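Report on the structure given below.
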Amino acid sequence: QVQLVESGGGLVQAGGSLRLSCAASGRTFSSYAMGWFRQAPGKEREFVATINNSGRNTDYAESVKGRFTISRDNAKNTVYMQMNSLRPEDTAVYYCAARAGGVLYYTRDSYDYWGQGTQVTVSS
């Protein structure tokens, strides 16, 4: 059982930065791969970034590559996503997700646990 709580969302101007955090309550956090997804109004929930259990491997959606960075601190049971050079099209509810495993996962159905989401709004 893993409980996930996102924080760090908010309103930012285009070109600005935010850092999202996802705190996990699970006892075996270091055994879980983590992902970030986002969902804009009227759109499907889409993959943003993923990180394996050790933090040694990451991958990103093409739309955010070079701007977003996913990282984790297993000692703090927390995953982060640094978001730079934000654009209005990044506006969405951002969700973190977890699943047991040592590789990267890219699809919604791959993840077993989800946070409640945090709103990111980028104004132009």
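Loop exposure criterion: trypsin sites (Lys or Arg not before Pro), DSSP state outside H, G, I, E and B, at most 15 other Cβ atoms within 10 Å. Applied to the chain, the longest stretch between such sites is 68-124.
Accessible surface area normalised per residue over the stretch 5-45 is 50 Å², counting heavy atoms of protein chains with a 1.4 Å rolling probe. Here the Karplus curve 6.51 cos²θ - 1.76 cosθ + 1.60, taken at θ = phi - 60°, turns the phi angles of the stretch 24-36 into couplings of 10, 9, x, 6, 10, 4, 5, 9, 9, 6, 10, x, 10 Hz, with x standing for Gly and Pro.
Computed from phi, the 3J(HN,Hα) profile of the stretch 55-67 under the Karplus parametrisation 6.51, -1.76, 1.60 (θ = phi - 60°) reads x, 7, 10, 9, 7, 9, 5, 4, 5, 10, 4, x, 10 Hz, with x in place of Gly and Pro. The string of couplings for the stretch 73-87 from the Karplus curve (6.51, -1.76, 1.60, θ = phi - 60°) is 10, 5, 5, 9, 6, 9, 10, 10, 9, 7, 10, 10, 6, 5, 10 Hz, one whole number per residue in order, with x for Gly and Pro.
Let's see if you can work this out: charge +1 on each Lys and Arg Cβ, -1 on each Asp and Glu Cβ, no other charges. What is the dipole magnitude of the chain about its Cα centre, in debye to the nearest 20?
Values: 13 positive and 10 negative charges, 49 e Å.
Around 240 debye, computed over the chain.
Subtracting the Cα-Cα distance of Thr121 and Ser25 from their residue separation scaled by 0.36 nm leaves 31.9 nm.
In the chain the longest region clear of GluC sites (Glu not before Pro) that are loop-assigned by DSSP and have at most 16 other C-beta atoms within 10 Å covers 63-124. Kindly identify the chain as rounded, prolate or oblate by the Cα gyration tensor criterion: order the square roots of the eigenvalues as a ≥ b ≥ c, call it rounded if a/c is under 1.5, otherwise compare a/b with b/c, prolate if a/b is larger, else oblate. Because a/c hits 1.5 or more and a/b exceeds b/c, the chain counts as prolate.
A cut-off of 5 Å between modelled amide H atoms, ignoring neighbours fewer than 5 places along the same chain, links Asp59 with Thr50.
The values are calculated or read from the model by the stated rules, or taken from the named source; none is laboratory data. Keep in mind it's a predicted model, so treat the numbers as computed, not measured. Using ideal geometry, Cβ is built from the backbone for each residue, glycine included, and neighbour counts are taken over all protein chains shown. When the accessible area is computed, the model is the full protein with side chains, heavy atoms only, and any ligands, DNA or RNA have been set aside. Shrake-Rupley method; radii C 1.70, N 1.55, O 1.52, S 1.80 Å.
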